[in-house]
Amino acid sequence: MSPRLALASLVCIAVACARPAPRANPAARPDAAAVAVVTPDRLDPPWEIRAATGGITQRLRIVSELESRIDTVLRRDSSVLELGLTWSRLSGAAPERIYGLLTSVRLGETDSLLATPAGMLVPMPFSATRSEAGGAELSAPDLSSCAATAALVAPLREALIFPPRRLTPGLVWSDSSIVTVCRDSIPLTVATQRQYRVLSAQVEGSEVVVLLQRDTRLQMEGRGTQFGEPIEISAEGEGSMSLVLRLAGAYLLRANGEQELRMTMRGRRRTQELRQRSRIEIIQPDSAASP
C-alpha cells in the first residue's frame, strides 16, 4: 500500500471522530495523597469527576482494512497507526482545556513495518478545548489543512472526552462536531454525533472507575478536482466503543471498539466505492496487562 493511500484511509478515522500550544507537564502517576481508599459506599452513585495532579500517558492504536471497488475491480489494503501521547487537563479554565504532547507516530501496513513517516516531527504539542457542542475541539496543530500531518494527528479526538461532572447509571449525554478534513487534497465537511451511556462502576486498584458505552454516527461530503477531473465524495458510517473512565482527571484508562465507513467517490468517468473497517484501542502503556 502506498503512503498516499495509507494517509487517505486515515481520513475515515480523523472524524471520529483544528495555534501553537504550551508544552504539557510530563506524565505522572497521581501522588499517594490523591489516591483515596475505596470503601463499599464509594461504589454507590453518583460518581463525581475530580481534579487530578499530573497527567496521563496513553497509546492509541488503529488497525484499518480498506476495501475499494472501481467497476468490477476489487482491492484490499490495510494500515496500522500507533500514536503515543501524554496530556493533562486544566479543569479550572472556561472553557475546559487539555494540553499535551504527541510523543510518537508510527504508520505501516503491518506491525512489522511500523515506522515514523518521513517529515513527521515529534514530540508535537497539541491542545483542545470543550466546544459549545460538548466535544473535543483541537486548536493545535491545525487540522484544517490538507497536510499529511493533519490526517495522522486527527485521531487524537478518540482519546479526549469532556464528561459531565456527576455520573449515574443510565445517564446519557452526547456531543457533536462539524469539521473540515482532506482526502487527496479534497476538502470534506464531516458531521459527527456521539452518544455516551453510563453503564456501571467498579474498583480497580484503589480507585473507582466508570464503564461507558459510546456510539458514533458520521456523515461526510465534499467536492474538488483530482487529476484535472471534478469529483464528489459522500460517506456515512458508525462505530461503537467500550470506555473505562478514571474519575480523577476524567481520563480514559482503556477503550476499545470498531468503526465502519462507507464512501462513494463520483467522477465524470467512473465511480469508486470504498468501505473501511477499523479496530481502535486506547491503553496506558504501563498497564497493558491490566484486566
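With the simple model of a label 7 Å out from the Cα in the direction of the Cβ, residue 41 to residue 173 spans 2.6 nm.
Rounded to whole numbers, the Karplus 3J(HN,Hα) couplings from phi for segment 107-124 are 9, x, 6, 9, 4, 5, 10, 5, 7, 6, x, 4, x, 8, 9, 10, x, 10 Hz, using 6.51 cos²θ - 1.76 cosθ + 1.60 with θ = phi - 60°, and x at Gly and Pro.
The phi-based Karplus calculation (6.51 cos²θ - 1.76 cosθ + 1.60; θ = phi - 60°) puts the 3J(HN,Hα) values of segment 256-263 at 7, x, 9, 9, 9, 10, 10, 10 Hz, whole numbers, x for Gly and Pro. Dipole of segment 70-186 computed with +1 at Lys/Arg Cβ and -1 at Asp/Glu Cβ about the Cα centre; of 131, 70, 117, farthest Cα towards the positive end is 131.
3J(HN,Hα) couplings calculated from phi for segment 165-174 with the Karplus curve 6.51 cos²θ - 1.76 cosθ + 1.60 (θ = phi - 60°) are, in sequence order, 6, 10, 10, 9, x, x, 4, 10, 9, 9 Hz; Gly and Pro show x.
About the Cα centre, and with charges only on the beta carbon of Lys, Arg (+1) and Asp, Glu (-1), how big is the dipole of segment 169-266? Nearest 20 debye, please. If you can, show how the numbers build up before the last one.
Details: 10 positive and 12 negative charges, 31 e Å.
Computed about the Cα centre, the dipole is about 160 debye.
Net charge dipole, segment 89-137: roughly 180 debye, given to the nearest 20, about the Cα centre with Cβ charges of +1 for Lys and Arg and -1 for Asp and Glu.
Proximity of backbone amide H atoms, modeled 1.01 Å from N, is registered between residue 249 and 50, 51, 52 at under 5 Å, excluding neighbours fewer than 5 places apart on the same chain.
Close amide H partners of residue 226, meaning residues 5 or more places away or on another chain with modelled amide H under 5 Å apart, are 231. Less than 5 angstrom separates the built amide H of residue 55 from those of 28, all sequence-distant by 5 or more or on a different chain.
Only the coordinates and a few stated rules stand behind these numbers; no lab work does. These numbers were taken from a predicted model, which means no experiment stands behind them. In this analysis, Cβ positions are derived from the backbone assuming ideal geometry, glycine residues included, and neighbour counts consider all displayed protein chains.
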